[in-house]
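Participant: Can you read through this structure? Questions will come right after.
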Amino acid sequence: MNIQFDDWLKSTRQSYQDPTMWDGEVDWCKRCDSEPKYEDTDVCNSCIIELEEMRDNSLCCGDILHVDTNRCTSCYEWSESEFENFCETENFNPKTYKYA
């Protein structure tokens, strides 16, 4: 095979091997753009799992955040979660998992 074609094939979506078989009707995840969206959201199942894990991480140092008090468990700083910061910067609705 052509080396350029191999590189192109590896850099495109992994869900198909033959570029002529690509289905343009699939709604892809708006966050990673590599998997189909999960039900009625704008993100895939893998990204939902990653976003849920971000709820427990503090923005100050990335350690575990005590969610009830918004206080980092290692440096004791008042902080917000990485998920809250992501929602604000990316204009993401945390209840519907959709971009505004």
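Participant: Using the structure shown, decide if Y76 is in a loop (DSSP other than H, G, I, E, B) and within 21 Å of D27 (Cβ to Cβ). Working first, answer last.
Facilitator: Working: in a loop (DSSP other than H, G, I, E, B): yes; within 21 Å of D27 (Cβ to Cβ): no.
Here the answer is no, as Y76 does not meet what is asked.
Participant: Follow-up. Could you give me the residue pairs with C-beta distances under 7 Å whose first residue belongs to segment 75-86 and is closer than 11 Å to G62 by Cα, whose second residue is part of a loop (DSSP other than H, G, I, E, B) and of a type in the set (A, V, I, L, M, F, W, C) wherever it lies, and which are 6+ apart or on separate chains?
Facilitator: Correct list of pairs: C75/C60; C75/C61; S79/L59; S79/C60; E80/L59; S81/L59; E82/L59.
Participant: Which of the residues belonging to segment 39-61 are assigned to a loop (DSSP other than H, G, I, E, B) and within 17 Å of the chain's Cα centre (by Cα)?
Facilitator: Taking segment 39-61 first, the residues assigned to a loop (DSSP other than H, G, I, E, B) are 39-44, 55-56, 59-61.
Of everything in segment 39-61, those that are assigned to a loop (DSSP other than H, G, I, E, B) and within 17 Å of the chain's Cα centre (by Cα) turn out to be E39, D40, T41, D42, V43, C44, R55, D56, L59.
Participant: To continue, here is another question. Scan segment 58-74 and give yes if some residue there is within 17 Å of T96 (Cα to Cα) and without any contact (Cβ under 8 Å) to a residue 24 or more places away in the chain, otherwise no. Before you say what the answer is, go through the steps one by one.
Facilitator: Just the residues of segment 58-74 that are within 17 Å of T96 (Cα to Cα), to begin with: none.
No, the conditions are met nowhere in segment 58-74.
Participant: Now a separate question. Do we find a residue being part of a strand (DSSP E or B), at pLDDT below 90 and either touching a Phe, Trp or Tyr at 6+ places or on another chain (Cβ under 9 Å) or not hydroxyl-bearing (S, T, Y) (or both) anywhere in segment 10-26? Explain how you work it out, then say what you get.
Facilitator: Initial filter on segment 10-26 (part of a strand (DSSP E or B)): none.
No: zero hits.
The values are calculated or read from the model by the stated rules, or taken from the named source; none is laboratory data. The shown structure was predicted, so the numbers you read here are calculated from the model rather than taken from an experiment. Glycine also receives a Cβ, built like all others from the backbone with ideal geometry; neighbour counts cover every protein chain displayed.
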